Amino acid sequence: MVRARPQERPVALVTGGGTGLGKAIALGLADDGYDLAIASRSAEHLATGARDLRSRGAQVLEVPTDVRLPEQVERLVASVREEYGRLDVLVNNAAGNFVAHSETLSPNGWRAVVGIVLDGTFYCSRYAFPLLRERPSSSIVNIVASYAWMAGPGTAHSAAAKAGVVALTRALAVEWAPYGIRLNAVAPGPVRTDGTDARLWTSASIREAVARTVPLGRFGAPEEVASAVRFLVSPAAAYITGEVLAVDGGQWLGRGVMPLLDDLDREPSA
Ligand code: NAP
């Protein structure tokens, strides 16, 4: 039975919504009037995210879920139906990225990343479809990364998984357009979160080097990624589907050029 809510508010499901960018996206959607469902493996992560979301006035459903497991994803969507009776937005944000040499990457490491990112995005989309199609307009935003199309050492597993998600975004955008479901992707540039600080940008010197690869010269803020998601799910983006929006300070366009420029004498020679 669907619980009565004081008013009919739209509902968004954000995977990985208890931490990092997922939490910032969920908070942004709460500010836009959405009630939330957040899903990831750790009940502790979900509880932290839910506390902050409730302080913004949103109703929150926490569903411990491993998106690699279709039966858990099916149960997640059933919980959303039971709690809210509707779903307007799905954000496939969960990921488990790390940098690794491909020649020594274990099959388990490969399967973990492809399982969370590509399988998880497909399972969540596929099981959410019946709820999404019940809305007159609804949308899915997949969080990808520009290494999906730029080659980079140590990212083969993540790049292959994210490139698969870009292809999935475009394929489903066409297939589900007749149901009024739009699909888009957001490709963040470097954004500091607890996860990336622990796994990727572990020192000030690494962070400085990364910032130098960004034409705008800095890391992005989680709220800047959330802004793009909020736009893509809004009526302002009603005619946009199958797109990939980079929110990266120009990093992928200018890759490698900024450090090179720093080494040049910028004064024109006489
Ligand atoms: P993060 O803090 O490490 O978040 C990853 C989230 O995914 C966590 O909430 C984690 O929660 C969840 N998760 C991991 N495995 C899962 C599983 N099997 N099932 C369900 N949930 C799972 O990372 P982030 O930096 O915020 O990144 C968020 C998204 O942005 C990712 O898609 C990432 O690839 C993308 N991105 C980030 C950056 C950046 O610079 N931060 C750049 C480009 C792209 P649990 O541990 O509770 O499961």
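The values are calculated or read from the model by the stated rules, or taken from the named source; none is laboratory data. The structure presented is a predicted model; accordingly, all values stated were derived computationally and were not measured. Heads up, the Cβs are rebuilt from the backbone with ideal geometry, glycines too, and the neighbour counts pull from every protein chain shown. For accessibility, only protein heavy atoms count, side chains too; no ligands or nucleic acids. Shrake-Rupley method; radii C 1.70, N 1.55, O 1.52, S 1.80 Å.
Under a GNM of the chain (C-alpha, springs under 10 Å), which listed residue has the highest mean-square fluctuation: Thr19, Thr202, Thr104?
Among Thr19, Thr202, Thr104, the largest mean-square fluctuation in the Gaussian network model of the chain belongs to Thr104.
Please work out how much length the chain gains when fully extended from Glu82 to Phe231, using 0.36 nm per residue of separation minus the C-alpha to C-alpha distance, in nm with one decimal. The partial results should precede the final answer.
Working: separation 149, 0.36 × 149 = 53.64 nm, distance 2.77 nm.
50.9 nm is the gain from fully extending Glu82 to Phe231.
Calculate what fraction, in whole %, of the accessible area of the range 21-126 sits on carbon and sulfur atoms when a 1.4 Å probe is rolled over the protein chains. Provide the component values of the computation, followed by the final result.
Details: 2320 of 4590 Å².
Carbon with sulfur: 50 percent of the solvent-accessible area.
Of Glu224, Glu74, Glu175, which is the most mobile in a GNM of the chain whose springs link Cα atoms less than 10 angstrom apart?
Glu175
Assuming 0.36 nm per residue, please report the length gained on full extension of the stretch Glu175 to Ala221 beyond their Cα-Cα distance.
Working: separation 46, 0.36 × 46 = 16.56 nm, distance 3.31 nm.
Going from the current span to full extension adds 13.2 nm.
Which value in Å does the Kirkwood hydrodynamic radius of the range 150-264 take, with 1/r averaged over all unlike C-alpha pairs and then inverted?
Working: mean 1/r = 0.0631 Å⁻¹.
It is 15.8 Å.
If you scale each eigenvalue of the Cα gyration tensor by 5 and take the root, what three semi-axes come out for the range 113-212, rounded to whole angstrom and sorted largest first? Please list the in-between numbers first.
Values: eigenvalues 191, 36, 29 Å².
Computed over the range 113-212, the values are 31, 13, 12 Å.
If you split all Cα-Cα distances of the range 40-91 into 5 Å bins from zero, what percentages do you get per bin, shortest first?
In order of increasing distance, the bins hold 4, 19, 24, 29, 18, 4, 1 percent.
What does the highest-first list of 51-60, 8-17, 111-120 look like by mean Cβ count within 10 Å? Please report the intermediate quantities before stating the final value.
Numbers: 51-60: 16.2, 8-17: 25.2, 111-120: 20.7.
Per-residue Cβ counts within 10 Å, averaged per peptide and sorted highest first, yield 8-17, 111-120, 51-60.
Normalized C-alpha radius of gyration of the chain, against 2.2 N^0.38 Å? Spell out each step's value before the answer.
Values: Rg = 19.1 Å, N = 270, 2.2 N^0.38 = 18.5 Å.
Here the answer is 1.03, to two decimals.
What is the spin-label model distance, in nm, from Val99 to Leu69 if the labels are put 7 Å beyond Cα along the C-beta direction?
Result: 3.3 nm between the two label points.
With a 1.4 Å probe and every protein chain left in place, work out the accessible area per residue of the chain in Å², rounded to a whole number.
On the way: 13110 Å² over 270 residues.
Heavy-atom SASA per residue in the chain reads 49 Å².
On a full-extension model of 0.36 nm per residue, what is the gain between Ile240 and Arg126, subtracting their alpha-carbon distance, rounded to one decimal in nm? Let's see the in-between values first.
Values: separation 114, 0.36 × 114 = 41.04 nm, distance 2.06 nm.
That works out to 39.0 nm of additional length.
Sorted from largest to smallest, which semi-axis lengths in Å does the alpha carbon gyration tensor of the range 45-197 give for its equivalent ellipsoid, taking the root of 5 times each eigenvalue? The partial results should precede the final answer.
Numbers: eigenvalues 145, 74, 44 Å².
Sorted largest first and rounded, they come to 27, 19, 15 Å.
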